[in-house]
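Encoded as structure tokens, the structure appears first; notes follow it.
The values are calculated or read from the model by the stated rules, or taken from the named source; none is laboratory data. Computed from a prediction, not measured in an experiment: that's the story for all the values here. Neighbour counts are summed over all protein chains in view; Cβ atoms, including those assigned to glycine, are modelled from backbone coordinates with ideal geometry.
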Protein chains: 2
Amino acid sequence: MGLIKAIVLLSGGLDSTVVLAQAIKNNRECLAISFNYGQRHKIELESAKIIAAYYNVSHKIIKLDSSIFGQSSLLSNHDGVEVPKDRNARQISESSTPTTYVPARNTIFLSIAMGQAENFQACEIYIGPNALDTKYPDCSESFIHAFQRVIKVATKQSVNGNPPRLVAPLLELNKTEIIKLGLSLDAPLHLSFSCYDPTILGAPCLRCDACILRKDGFDSVAGG
Amino acid sequence: MGLIKAIVLLSGGLDSTVVLAQAIKNNRECLAISFNYGQRHKIELESAKIIAAYYNVSHKIIKLDSSIFGQSSLLSNHDGVEVPKDRNARQISESSTPTTYVPARNTIFLSIAMGQAENFQACEIYIGPNALDTKYPDCSESFIHAFQRVIKVATKQSVNGNPPRLVAPLLELNKTEIIKLGLSLDAPLHLSFSCYDPTILGAPCLRCDACILRKDGFDSVAGG
């Protein structure tokens, strides 16, 4: 009998790298999926490719026209909207919905993952929202539960009584805990890329929320 | 104060034409959305354009790569899978999930509509599943309810306390009832296009499930 199959949403960032490591640790046969959706930090897809290759898992990059999304500072076609910079962890956590929020993004990603799960006959879909993502509505525990209910009714897999299970192993973890988990799983964190607004040469800006949370996380692990 | 805004999923078929007519009757300011997703019957998009123009509503055609969907006889990139032909209404209703089912299609469409609703500040999203669609899991009442729950948590509109309402006015109607409703609303049914597998010149095949259910519906209205 073969391994249990799983779809893993892999952006190429730190969190989804740990999620993939967890799926591998769980002995899953993975199909990693990444999205090319007009993100400023499209270079993360290079990391996604390398990380999928590191684990020798199948990898699919799905292209979506950025016009299907609304306004967001994360998208390269909205250059008038700035990616927030130089905020500390407290400012990030106390903000309202950040401009880096992309309307309906994770719902669209999970919908596509659900279709891919049916094709791949996957029993699980792994996704990486975490305790620091509380300002993104589509990263909340309520969202994960609500989408699980959709999965239970929406496809032929559900009709046949085997809808995939949504697995969100980082949901209650902060960045320090995610890094610790990643280290314990031997995840290739050095291959991941987190910046929302890289330089033209592809270097992380070190000033956006993603860069700051990543640095704080590593500093805390190193110091703790 | 302006009209209440609504997103309407408009394929160009009979059902969604009646749904748009209902939204107009309800005095909504509509943004109609159609999808170019590699369907064999892409010509339906011409009808969608004409119907949107008939009602003078904004219209957006969103392109999706057909590779994001799984196998389906409805997609032109799956030419090995035949669209079922010459089945009568009983055979259609008694079949299992038809080959014209496209994995995750309506979930993907609604996810995108949810994002568009946020951009358009829509209070409602109209969609046209009906009582004959019971073999498509993503047309069921349970699916509509489950997706409504996602809408209630997934976007900034939900955080702000005004998630759009999912409106499915045809959910309990059969084709005869839909046509009668359309006629009572003066919907331009003659502009709609239903065939799943049109000829190379764009004429309906008159033999697929969609053609047969459409013909049966009109015959029943004419005879009743």
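In segment A:25-44, which residues are more than 14 Å from every other protein chain (Cβ to nearest Cβ) and surrounded by 20 or more Cβ atoms within 10 Å (Cβ to Cβ)?
Within segment A:25-44, A:28, A:30, A:32, A:39, A:40, A:41, A:44 meet the criteria.
A single entry from A:108, A:144, A:125 fulfils the requirement of being modelled with pLDDT of 95 or more, within 12 Å of chain B (Cβ to nearest Cβ) and touching a Gly at 6+ places or on another chain (Cβ under 9 Å): A:108. Exactly one residue out of B:34, B:47 is under 15 Å from residue B:210 (Cβ atoms), among the small types (Gly, Ala, Ser) and modelled with pLDDT of 95 or more: that is B:47. Among the residues of segment B:122-136, is any over 22 Å from residue B:88 (Cα atoms) and surrounded by fewer than 21 Cβ atoms within 10 Å (Cβ to Cβ)? There is at least one residue in segment B:122-136 that is over 22 Å from residue B:88 (Cα atoms) and surrounded by fewer than 21 Cβ atoms within 10 Å (Cβ to Cβ).
State all residues of segment A:165-187 that are touching a residue at least 40 places away in the same chain (Cβ under 8 Å) and either more than 16 Å from residue A:128 (Cα to Cα) or of a type in the set (Val, Ile, Thr) (or both); if no residue qualifies, say none. Residues satisfying the conditions are A:167, A:176, A:178, A:179, A:186. Residues in segment B:93-145 that are in a strand (DSSP E or B) and of a type in the set (D, E, K, R): 1 in all. Among the residues of segment B:79-105 satisfying the criterion of being within 10 Å of another protein chain (Cβ to nearest Cβ) and at negative phi, which is nearest to the chain's Cα centre (by Cα)? Among those that are within 10 Å of another protein chain (Cβ to nearest Cβ) and at negative phi, it is B:105. Go through segment B:154-164 and count every residue that is surrounded by 20 or more Cβ atoms within 10 Å (Cβ to Cβ) and either in a loop (DSSP other than H, G, I, E, B) or free of Cβ contacts under 8 Å to residues at least 12 places away in the same chain (or both). Qualifying residue count, segment B:154-164: 4.
Scanning segment A:16-52 for residues that are touching an Asp or Glu at 6+ places or on another chain (Cβ under 6 Å) and among the polar types (S, T, N, Q) yields a count of 0.
Return the residue satisfying two criteria in turn: it lies in segment B:61-78 and is crowded, with 17+ Cβ neighbours inside 10 Å and assigned to a strand (DSSP E or B), and of such residues it is nearest to the other protein chains (Cβ to nearest Cβ). Only one residue fits best here, namely B:62.
Inside segment A:191-224, residues that are of a type in the set (Asp, Glu), within 17 Å of residue A:73 (Cα to Cα) and in contact with a helix residue (DSSP H, G or I) (Cβ under 6 Å, 6 or more places away or on another chain) make up a count of 1.
Please go through segment B:175-202 and give me each residue that is of a type in the set (Gly, Ala, Ser) and either in a loop (DSSP other than H, G, I, E, B) or surrounded by fewer than 20 Cβ atoms within 10 Å (Cβ to Cβ) (or both), ordered by number.
B:184, B:187, B:192, B:194, B:202
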